[in-house]
Amino acid sequence: MTFLFSVLKYSFFRSMMKLIAFRIRNFRSIVDTGWQSLSPDNITCLIGQNESGKTSILEALRVFYNETISEDVLRSDLSMPDVSCRFSVPEGWLLKITDNGGTELKELLSGLSHIELTRSWLPDLSSIIKVSGSVSQYLDSLEDAWRIYLGDVTVKMEEELSNISSLEMALENLKAKESQLRDQLPNHDPKKKGIKGIFMKNQTEDVPLIAEDPAVIVELNEVLKQKDKLSKELLSRQIMKKTGEGWRNLLDKCNALESHLSELSQKLEERHQQMAFLMRPNDEDDLAWKNVLNDYRITRRDRDITKAELDRHIAYTGYIMDGCNEKEANTKVNDIIQSYKSQYNSEILGRKYFEYCPVFEVFEDFGSLLPNRIDLDDIISGNENVEGYKAARNFLSIAQLDYSFFQQPSSRILKQKIENLNYTLTTNFQDFWQQSIGRNNKIHIQFELDHYNASFGDKAGKPYLEFWIKDDGERLYPKQRSRGVRWFLSFYMELKASANINKRMVLLIDEPGVSLHARAQEDVLKVFEDIKDKIQVIYTTHSPHLVEINKLHRILAVQRDDLDSLRSTTRILDPLRLSAASPDTLTPLQSILGNPVAGEGFSSNKFNLIVNDTGSYYMLNAIIHLTGFTNRISVIPSTNVSSIPLLCNVLMGWGLEFAVLLFENDKENQVAGLLKDTIFKTDNSGRDLIVRMPESLYNAEDLLSTLDFKNHILKTREGITVANSEYVRDKKLSRGFLFSRFLTEVTSGGIKITDFDEESQENFRQLIDVLKAMK
């Protein structure tokens, strides 16, 4: 018996396509993202404010794979969405999976190292998937050439039909003329007998006549000759006339179907408007609505069939005009279609290549929580409706167990194997979950195999699995553990189990670890790192603990075009354009780099001044406010002195203007030397990008006199005999807290410039002079 949770055997080809970029159009707040590249190391992070469109990006990628949308994703103009994905593939691979592509298509496919697929939705919310990019351009060029050919044939056919119509009109005119001339003949009634009847044949015969008026007879004979000639000409064009009538019938049918389809599309649009904007409930049992949907789909199918028939009929008509008989024309039509059109079109190839597309899955919070207990029969039978099935399947997949494991005849050996597995599973889990209960007490994961006793009736004697999450203090069922532990365990098992399956996957995760402690959120990144070679991860976050500052290439910033309006559209900024993002969008980055104040930070419109930490940030901003300095300076705090070079690299990469303000201490002296030898070594601007404060100022708090430091910062009369910065260090005081409080009092007007002594004010003037020199 094969266990349902055993490793699935996907084809080798399925793992060939790797998602490298996407483009989303007309999806909720998104008009057009443009092509956005994903991180090459398989972990991409979307940052941005609430309602910026991060979740919409994940949802758009999800529906690219599963096709299903509802009216709530439509924009106000009701334009239909489309989502494009670009995949890298080994060169030549597309040729292997595309049979009988034709010489030109084969040549194109053999050199491609990527493929683009686009899913587009129709008014009935069904979708089609097409190959796009260079392949579709080639196929479209064939279609364009085919359309030009059909257009030329149509022009020639219309001329021919017009000629036939002219001939028919001329024949009718000749018939009218004949009738007029016959009316002029004496005794033209054939019933009358006499000598004149001897000299005149039956008037109904188209042969020369003899009568008393020679001029009329001559003209009548000429008319009859022309009439005979036209009749023969029209007879030779009878097949062409019949073909033209067939063309007109197909054209009328096609136009009628197009018109009806347009009417149905309007009805569908009205329905979408009601559902999306009038908040009308979705009544799936609405018979009238079902009839409209069915009518639309049937009409669209009939329209496509009729258009194909019309195209073929036009080509057929071309050969009829060239003098072919019907059988010959039919044969040649097949040849001309093959010469102009590939056996593939964009939609056929799109469906074909989509079969090899990676699986796109959304991680559902708490969607796979371990149960306290689950029957072994439910796992074996694949009973997905039983509580905890998915989590139990993931658990056993990680343990690499199949049904045969539980067939061990020796109870002692089976229990020993389970004990060994529990130890291995726990050890592996603890590599990622660094949290402890208390100082050293880490949790352990365990499962046991047991059998129901007689009190369980029909289940008596049947096996079940029981799960525990224990620590040194107590042994608890999974449901008895904290929300954070349960979430992380669910997350860990889902991702690790997915990585064990031999298929390429794109995992979409919205706000992972919201219920986790900051350190546990960092553990989430460890899981991503562990699985990235097998699974691509795209996730959203607001948390600085889920962003790695050393890997900014992973970040896509998402924000609205108009930050003050939720009706504005979403745009995405790649790592090279992060400097254009708003401070609120970059909050996770700025939190990592040290900026503690929302709404402020890196700026392309100001000169950015990097300082050593948040304490100095608060102090300098307080002094700027006290002095009324108004130049466009944005103070950027680093997390610490050692992170200043990294921050310089970030701002330089974004093309922002900046300088570094350093105080007189050992650490900042070392950083000054490092910056001169590396980052600013090639600077030719002539500006001093490393600004050094006087030797007496060891840190930002030394800008205050000792007296002012005691009065406004410490708020104590305690005697201080050392520099302010040395006192803070020795007493292990929180600079961030003290100076944040100081800035708040300054901005609220509680402390004014006149409250400081001359020494402090002189230091303030020196600082402002330094800032004024920055332009």
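Tabulated results
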quantity: Whole-angstrom gap from region 305-337 to region 15-34, using each part's C-alpha centre; calculated: 41 Å
quantity: Solution diffusion estimate, µm²/s, Stokes-Einstein, region 28-172, Kirkwood Rh from C-alpha pairs, 4 °C, viscosity 1.567 mPa s; calculated: 67 µm²/s
quantity: MRE, 222 nm, helices only [DSSP H, n ≥ 4, -39500 (n - 2.57), over the chain, to nearest 500]; calculated: -15000 deg cm²/dmol
quantity: Angle between the chain longest axis and helix 411-430 axis [Cα atoms, degrees, rounded to 10]; calculated: 80 degrees
quantity: Region 349-418: GluC sites (Glu not before Pro) falling in loop per DSSP and having at most 11 other Cβ within 10 Å; calculated: 355, 384
quantity: Given 479/526; 606/676; 253/341; 225/253; 442/532, the pairs whose alpha carbons are separated by over 31 Å; calculated: 225/253
quantity: Share of carbon and sulfur in the accessible heavy-atom surface of the chain [1.4 Å probe, %]; calculated: 48 percent
quantity: Segment residue 66-residue 533, length gained on full extension (0.36 nm per residue, minus Cα span); calculated: 165.7 nm
quantity: Dipole of the chain [Lys/Arg +1, Asp/Glu -1 at C-beta], most positive-end residue of 506, 166, 257; calculated: 506
quantity: Loop GluC sites (Glu not before Pro), region 654-761, which have at most 12 other Cβ atoms in a 10 Å radius of their Cβ (DSSP); calculated: 695, 718
quantity: Note, ³J(HN,Hα) from phi for region 254-270, Karplus 6.51, -1.76, 1.60, rounded to Hz, x at Gly and Pro; calculated: 5, 5, 5, 5, 4, 5, 5, 5, 5, 4, 5, 4, 5, 5, 5, 5, 4
quantity: Vicinal HN-Hα couplings computed from phi for region 327-337 (Karplus, 6.51 cos²θ - 1.76 cosθ + 1.60; Hz; Gly/Pro x); calculated: 5, 4, 4, 4, 5, 5, 4, 4, 5, 5, 5
quantity: Helix axis angle, 735-747 relative to the chain longest principal axis, alpha carbon, degrees; calculated: 70 degrees
quantity: Under 5 Å, built H, 5+ apart or other chain: amide partners of residue 18; calculated: 88
quantity: Calculated FRET efficiency for the pair residue 169/residue 511, C-beta based, R₀ 51 Å, to 0.05; calculated: 0.10
quantity: With all protein chains modelled, accessible area of residue 159 [1.4 Å, Å²]; calculated: 110 Å²
quantity: Within straight-line cross-link reach of residue 710, aspartates and glutamates at Cα separation under 20 Å, skipping those fewer than 8 residues along the same chain; calculated: 701, 702, 718, 726, 730, 745, 755, 757, 758, 759, 762
quantity: Solvent-accessible area per residue, Å², over the chain with all protein chains present [probe radius 1.4 Å]; calculated: 50 Å²
quantity: The chain - share of DSSP beta bridges that are antiparallel (%, nearest 5); calculated: 60 percent
quantity: Inter-centroid distance (Cα atoms) of region 385-404 relative to region 749-775, Å; calculated: 67 Å
quantity: Estimated vicinal HN-Hα couplings, Hz - region 477-490 in sequence order (Karplus 6.51, -1.76, 1.60; Gly, Pro = x); calculated: 5, x, 5, 8, 8, 5, 4, x, 5, 5, 4, 5, 5, 4
quantity: Net charge of neighbours whose Cβ lies under 12 Å from the Cβ of residue 179, counting Lys and Arg as +1 and Asp and Glu as -1; calculated: +1
quantity: Linear extension gain, residue 233 paired with residue 667, 0.36 nm per residue minus alpha-carbon span; calculated: 145.8 nm
quantity: Residue 100-residue 715 pseudo-label distance in nm [points 7 Å out on the Cα-to-Cβ vector]; calculated: 8.6 nm
quantity: Estimated FRET transfer efficiency when R0 is 41 angstrom, pair residue 503-residue 32 (beta carbons, to 0.05); calculated: 0.85
quantity: Volume of the Cα convex hull of region 470-530, divided per residue and given in Å³; calculated: 111 Å³
quantity: Cα gyration tensor shape of region 369-499, rounded if a/c is under 1.5, else prolate or oblate by comparing a/b with b/c; calculated: prolate
quantity: Binned Cα-Cα distances of the chain, short to long, each 10 Å bin given as a whole percent; calculated: 2, 10, 13, 15, 15, 13, 10, 7, 5, 3, 3, 2, 1, 1, 0, 0
quantity: Net lengthening on full extension, residue 140/residue 753 (0.36 nm per residue, minus Cα-Cα); calculated: 213.4 nm
quantity: Spin-label model distance (nm) - residue 568 vs residue 159, 7 Å beyond Cα toward Cβ; calculated: 5.8 nm
quantity: Distance (nanometres) between label positions extended 7 Å along Cα→Cβ at residue 466 and residue 482; calculated: 2.6 nm
quantity: Local electrostatic count, residue 94, Cβ distance below 12 Å [Lys/Arg +1, Asp/Glu -1]; calculated: -1
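The values are calculated or read from the model by the stated rules, or taken from the named source; none is laboratory data. Nothing here was measured: the structure is a model prediction, and the numbers come from that model. In this analysis, Cβ positions are derived from the backbone assuming ideal geometry, glycine residues included, and neighbour counts consider all displayed protein chains. We work out accessible area using only protein heavy atoms, side chains counted, and drop any ligands, DNA or RNA first. Shrake-Rupley method; radii C 1.70, N 1.55, O 1.52, S 1.80 Å.
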